[in-house]
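Below: one structure, written as structure tokens.
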Amino acid sequence: MKKISLNISVNGEKHRLKIDPNLRLLDLLRDELRLTGAKEGCGIGECGACTVLLDGAAVNSCLVLAGQCEGKKVLTIEGLKGAETLHPLQRAFVEEGAVQCGFCTPGMILSAKALIDENPRPGEEEIKEAISGNLCRCTGYRQIVEAIKEAALRLADSEK
Amino acid sequence: MLDFDLIRAGTLTEALEFLQKNGSSTRVIAGGTDLLVELRSLSEGSPEAPDYVLDISPLEELKGIREKKDLLLIGPLVTHREIAASGPVGRYAPLLARACSTVGAVQHRVAGTIGGNIINASPAADSVPALIALDAEVIFRSARKKRKKALKDIFVKPYLTDIRPDELLTEIRFKKLSEGARSGFIKLARRNALAISRMNIAVVIILGKGVVKDIRISPGSTTPLPDRITVAEKVMTGKKPTAELIRKAGAKVAEEMIARSGVRWSTPYKEPVIAAMVSRALREALGDELASG
């Protein structure tokens with residue numbers, strides 16, 4: 001196995017790396033860059049716990065080879081918040097009780113971010129559709145949907 | 001994860017030359033949503049374990065949706081999401097846009113490609129029945145030559161097509177549906193989202209002077225190989241599309257499913273359900289053109 005070079009931007013920081021060719025994006029983030037927000041749940045693209053944004057779109061990082069991300073931009077949950085404050089999505093999740101064990105939360109929030117970036121005022125059905133690839137086994141989805149609605153409203157207001 | 005070398009192709013020519021030399025020990029990766037699951041399930045030293053994985057995802061030559069006169073040309077790297085949102089696909093092949101919009105969840109539609117959906121050759125693929133109802137053709141290229149084949153003729157058995165080790169799928173093409181054409185796609189799965197088709201059905205129906213001029217009925221996860229069910233199409237061809245005839249066409253598809261797939265544990269369920277799905281798809285496609293009597 002020949003190591004390969006990789007130029008990748010993660011949470012705004014540029015990296016030049018030598019990586020194993022069979023490394024998944026999820027392994028790169030967790031094991032090499034120590035960004036453990038993205039979780040490995042099922043490892044076969046069904047649970048969405050490993051969701052990150054790749055060039056702005058939600059992907060399962062367990063189904064992407066790191067070597068396929070040459071020149072791309074990755075956003076993980078660690079890159080979402082500002083230095084001091086929570087992102088409005090994170091704050092809404094806390095306030096609406098949309099977090100219980102927290103394992104699905106980073107992926108859920110990033111799927112929500114991909115939606116809101118594209119569609120700042122999503123309807124309830126659009127929210128459900130956007131998070132349909134993220135499974136939660138604790139809270140039920142109602143609080144999560146409410147949190148995303150609330151965050152979208154606040155983000156839209158803050159841009160007025 | 002298996003050990004393999006990752007080859008990142010810069011151009012289509014480079015990719016084809018690599019396959020010319022190493023095709024039989026290489027797997028091609030595009031969106032990765034099926035291949036990475038498969039690679040992880042293989043053990044080191046298994047005969048299917050590849051030495052190389054060839055990444056074609058950056059190849060511009062294999063992207064994009066183009067119109068050429070009465071044809072729609074789709075690059076194999078076009079994602080399900082791009083197809084679902086495409087203006088030309090929505091106009092000239094709405095059943096394909098619908099089929100691609102039902103694949104997996106957002107994450108799979110963002111990454112997964114139509115070419116991957118075809119070559120993975122899952123009997124439960126969603127885009128394939130729609131493409132077969134569109135009478136789609138595919139183009140395979142190797143470093144030496146190019147060949148064109150009807151999509152329905154490439155499937156050898158579930159999860160296997162007749163693509164050769166030195167070839168890439170380089171284009172999917174079909175005739176735009178004419179203005180008066182009606183079409184539909186229905187998927188039945190265990191859940192509404194993030195679900196694999198238990199069965200699906202794609203139909204195209206073209207009327208002229210109140211009778212059926214052209215009809216294509218293409219079910220998925222129903223027969224061992226994807227195909228149009230011409231015996232059911234004949235039930236309606238040349239006739240007024242009545243509710244009774246639609247019911248008969250559905251029953252014919254169920255009959256043909258059993259003839260081709262045999263009686264299986266799921267048959268008592270699938271038989272009435274596929275019949276109802278076909279009738280419903282035809283009824284919905286026809287809308288107010290459904291003939292009385």
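Of all residues in the range B:195-233, count the ones that are part of a loop (DSSP other than H, G, I, E, B) and surrounded by fewer than 22 Cβ atoms within 10 Å (Cβ to Cβ).
Of the residues in that region, 9 qualify.
Restricting the search to the range B:108-128, which residues are assigned to a helix (DSSP H, G or I) and either within 11 Å of chain A (Cβ to nearest Cβ) or over 11 Å from the mean Cα position of the chain (by Cα) (or both)?
Selection gives B:His108, B:Arg109, B:Val110, B:Ala111.
Looking at A:Gly71 and the list (1) touching an Asp or Glu at 6+ places or on another chain (Cβ under 6 Å); (2) surrounded by fewer than 16 Cβ atoms within 10 Å (Cβ to Cβ), which single condition is not satisfied?
Every condition holds for A:Gly71 apart from (1).
Grab the helices (runs of 4 or more DSSP H) fully contained in the range A:71-155, keeping just those with 1 or more residues being within 14 Å of chain B (Cβ to nearest Cβ), over 30 Å from B:Arg8 (Cα atoms) and over 16 Å from the mean Cα position of the chain (by Cα).
A:124-130
Only residues in the range B:264-282 that are surrounded by 13 or more Cβ atoms within 10 Å (Cβ to Cβ) count as the first member; pair them with residues that are hydroxyl-bearing (Ser, Thr, Tyr), Cβ under 6 angstrom, at least 6 apart or cross-chain, and list the lot.
The qualifying pairs are B:Ile274/B:Thr222.
Table: residues versus (1) within 22 Å of B:Ala125 (Cβ to Cβ); (2) out of contact with any Pro (no Cβ under 9 Å at 6 or more places or on another chain); (3) buried (at least 17 other Cβ atoms within 10 Å of the Cβ).
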| residue | (1), (2), (3) |
| --- | --- |
| B:Ala49 | no, yes, no |
| B:Leu62 | yes, no, yes |
| B:Lys69 | no, yes, no |
| B:Leu72 | yes, no, yes |
| B:Val78 | yes, yes, yes |
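Residues that are away from every other protein chain (no Cβ under 14 Å): find the strands (runs of 3 or more DSSP E) completely inside the range B:1-107 holding 3 or more of those.
B:65-68, B:71-74
Within the range B:234-246, restricting attention to residues that are buried (at least 16 other Cβ atoms within 10 Å of the Cβ) and under 25 Å from the mean Cα position of the chain (by Cα), which residue is nearest to B:Pro272 (Cα to Cα)?
The selected residue is B:Ile246.
Could you pull out the residue among A:Leu63, A:Leu53, A:Leu17 that is at pLDDT 95 or above, surrounded by 20 or more Cβ atoms within 10 Å (Cβ to Cβ) and more than 18 Å from B:Asp34 (Cα to Cα)?
Step by step, each of A:Leu63, A:Leu53, A:Leu17 is checked, and only A:Leu53 is at pLDDT 95 or above, surrounded by 20 or more Cβ atoms within 10 Å (Cβ to Cβ) and more than 18 Å from B:Asp34 (Cα to Cα).
Quickly run through the range B:133-176 and pick out the residues that are crowded, with 20+ Cβ neighbours inside 10 Å, assigned to a loop (DSSP other than H, G, I, E, B) and touching a residue at least 60 places away in the same chain (Cβ under 8 Å).
B:Leu134, B:Asp166, B:Glu167
If B:Glu179 satisfies all but one of (1) in contact (Cβ under 8 Å) with a residue 60 or more places away in the chain; (2) surrounded by fewer than 24 Cβ atoms within 10 Å (Cβ to Cβ), what's the number of the condition it fails?
(1)
Quick one: is B:Leu6 crowded, with 17+ Cβ neighbours inside 10 Å, under 23 Å from A:Cys50 (Cα atoms), touching a residue at least 12 places away in the same chain (Cβ under 8 Å) and over 26 Å from the mean Cα position of the chain (by Cα)?
Yes.
The values are calculated or read from the model by the stated rules, or taken from the named source; none is laboratory data. These numbers were taken from a predicted model, which means no experiment stands behind them. All Cβ positions, even for glycine, are placed from backbone atoms using ideal geometry, and neighbour counts span all protein chains on display.
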